[in-house]
Amino acid sequence: MKLKHWFRAVHPLILAACLSTMWNLRKKSLLRQVRLQNEDALTGGANERQFMIQARRFLENTERKNYAVIAFHVKEFGVINEMFGYPNGTKVLRGIQWVFTENLKKDELSAHVYADRFLLLLFCRNRSELNKRLRCICTDLKKTIEFYGIRYELSPAFGICECPADTVVDIQEWVNRAVIALKAETHLCRPPFVFYEDRMRIDKMTLKNMEDRLEPAMKNHEFVVYYQPKYSAESETLYGAEALVRWRTAPDTLVPPGEFIPVFEQDGKIEKLDRYIFRQVCRDLRHWMDDGKNVVPVSVNLSRVNLLNPSVAAEYRSEAATFGIPLNLLELEVTESAFAQDAGNLEKSMKRLNAAGFALAIDDFGSEYSSLKMLYDIPVQTMKLDRDFLNGLGFGQRGKEVISAVVGLARQLHLQVVAEGVETKEQLEFLKQVGCTAVQGYYFSKPIPESQYAALLSETQKKKESVSTV
Ligand code: C2E
Ligand code: MG
Ligand code: MG
């Protein structure tokens, strides 16, 4: 009886305790669920979902200040994983999140999206103030990486979309714009902070348009090859030619390569275009030879994507064989900037091309990344001096000294030197004096259509014949 009374008295207490425990467990589990939904498992910071919810709240506040949404990534982050291992890669990502969090003010946000991609929402009174803050962030990132003992020069990139207080746009659209700016940064190798401009979106749409038009345009024979003659510096006689593509988008519109090559390079389609041009050059050489012309070697530009393809040497060789073109009539030009990344693999490809019988030229030497070591390492037969040596630098005493030294070194390495962009007699005379092999530029000829070049070949032949009969 006593027990019954006791139980009756205690029963509500037990019930309350049980309920409270259950409630606490439920609360904990709910909190855990919320945390899992909002927290990034890798870095422990906010994830994209949380960022979007909070950013939307901040940006929809009618009394808000000017903000900027920033898309961030580290260029070639994979290299860190490869060089220092995945655990260190993860450490770096956590470090980045930590630096961002440390730099946030009240009502600002940061989040890890995936891989090396992050988002930030920062106040932006004006661009210079924001740039200053981002520079501080870069310094902190550098220090953090050093602190971890990782000896690697981090290359951060920021795509920035300003969100003025008086403009109402959904957060997803602001983020899209920041990502577009980030991509523009990566593509154009611009400085690490790039502000979104409407032009970039237009560019993106034009790019898409162009990409879709490549194959129909090839079928339609809209890509035409122009030939720019090269002349021997000493004798001023025809030495060779460079094949340069143009896009005839309408009967009276000829688009220069600078406007479409970078687009096709970006999505890898340049490979198809390069092959198309190579085939066209082989076809033209065949016609000229069948016409009994004395042909001179033609150089064709080869993009980096194409060069990295291990089968390019065999494919180009078989293409030349189809038209019966001896390989000493073909040269391949690879632009120097191609070697900014993955130089080791490019070097292997160049060796394969050399072994297959193609002469190689390094194009635009001196424009960006050239190192003299490169000339030793890469198996090339010709160095094409970038036209900035003659025009961009100014053709003063200093410029002349640099050209003279570079040409001297190349000749010591037994390379042919072709100077691009020769526009005046004075430049030609100087290049002769320093020992340049050949020159290419408006002084002699602009790039010309095939029919004109074929006529030039005939004319050159006639001149030669008349000299030999005298
Ligand atoms: P590049 O291979 O360095 O070609 C030389 C460029 O310099 C040509 O421009 C030519 O017209 C220009 N040039 C030649 N002499 C002079 C001069 O005296 N003064 C000035 N101001 N310019 C001169 P273009 O034809 O617009 O070609 C630009 C670039 O497009 C080429 O530079 C090459 O990198 C690329 N390209 C052209 N055709 C092809 C192609 O079939 N495949 C690939 N991958 N790239 C190509
Ligand atoms: Mg070239
Ligand atoms: Mg060039």
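Observations, loosely collected:
- So GLY258, is it in the same structural domain as GLY441 (by TED's automatic domain parsing), within 11 Å of ligand 1 (Cβ to nearest atom) and surrounded by fewer than 17 Cβ atoms within 10 Å (Cβ to Cβ): yes
- Qualifying position, being within 30 Å of the chain's Cα centre (by Cα) and not assigned by TED's automatic domain parsing to the domain that holds LYS183, among THR43, THR90, THR139: THR43
- One residue from ARG248, ARG304, ARG213 being of a type in the set (D, E, K, R) and under 30 Å from VAL417 (Cα atoms): ARG304
- Candidates ALA419, ALA410: the one that is within 30 Å of ALA338 (Cβ to Cβ), within 15 Å of ligand 1 (Cβ to nearest atom) and modelled with pLDDT of 90 or more is ALA419.
Results for (1) more than 20 Å from ILE362 (Cα to Cα); (2) not polar (S, T, N, Q), shown as yes or no for each residue.
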| residue | (1), (2) |
| --- | --- |
| THR382 | no, no |
| LEU390 | no, yes |
| LEU409 | no, yes |
| GLU423 | yes, yes |
| CYS436 | no, yes |
| SER445 | yes, no |
| GLU450 | yes, yes |
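- Residues of the stretch 213-235 that are more than 14 Å from ligand 1 (Cβ to nearest atom) and in contact (Cβ under 8 Å) with a residue 60 or more places away in the chain: SER232, ALA233, GLU234.
- Residue match in the stretch 21-38 (condition: surrounded by fewer than 13 Cβ atoms within 10 Å (Cβ to Cβ), touching a helix residue (DSSP H, G or I) at 6+ places or on another chain (Cβ under 9 Å), assigned by TED's automatic domain parsing to the domain that holds SER155 and modelled with pLDDT under 85): no
- Counted residues, the stretch 239-248 - those being within 25 Å of the chain's Cα centre (by Cα) and of a type outside the set (A, V, I, L, M, F, W, C): 2
- Count of the stretch 59-87 residues which are without any contact (Cβ under 8 Å) to a residue 24 or more places away in the chain and surrounded by fewer than 14 Cβ atoms within 10 Å (Cβ to Cβ): 8
- Meets criteria (more than 16 Å from ligand 2 (Cβ to nearest atom) and in a loop (DSSP other than H, G, I, E, B)) for LYS272: no
- Taking the criterion of being surrounded by fewer than 18 Cβ atoms within 10 Å (Cβ to Cβ) and in contact with an Asp or Glu (Cβ under 8 Å, 6 or more places away or on another chain), the residues of the stretch 310-349 that qualify are SER337, ALA340, GLN341, ALA343, GLU347.
- Single unsatisfied condition, VAL300 versus (1) hydrophobic (A, V, I, L, M, F, W, C); (2) within 16 Å of ligand 3 (Cβ to nearest atom); (3) touching a residue at least 60 places away in the same chain (Cβ under 8 Å): (3)
- Among residues of the stretch 397-426 that are without any contact (Cβ under 8 Å) to a residue 60 or more places away in the chain and farther than 22 Å from THR237 by Cα, those with a Cβ under 7 angstrom from a residue that is assigned to a loop (DSSP other than H, G, I, E, B) and within 15 Å of ligand 3 (Cβ to nearest atom), sequence gap 6+ or separate chain, pair up as VAL406/GLY366.
- Test: residue in the stretch 285-299 that is surrounded by fewer than 21 Cβ atoms within 10 Å (Cβ to Cβ), more than 16 Å from ligand 2 (Cβ to nearest atom) and closer than 23 Å to PHE264 by Cα: no
- Against the conditions (1) buried (at least 17 other Cβ atoms within 10 Å of the Cβ); (2) more than 14 Å from ligand 3 (Cβ to nearest atom), LEU413 satisfies every one except (1).
The values are calculated or read from the model by the stated rules, or taken from the named source; none is laboratory data. For clarity, every value in this text was computed on a predicted model and none was experimentally measured. A quick note on method: Cβ atoms are made from the backbone with ideal geometry, for glycine too, and the neighbour counts reach across all protein chains shown.
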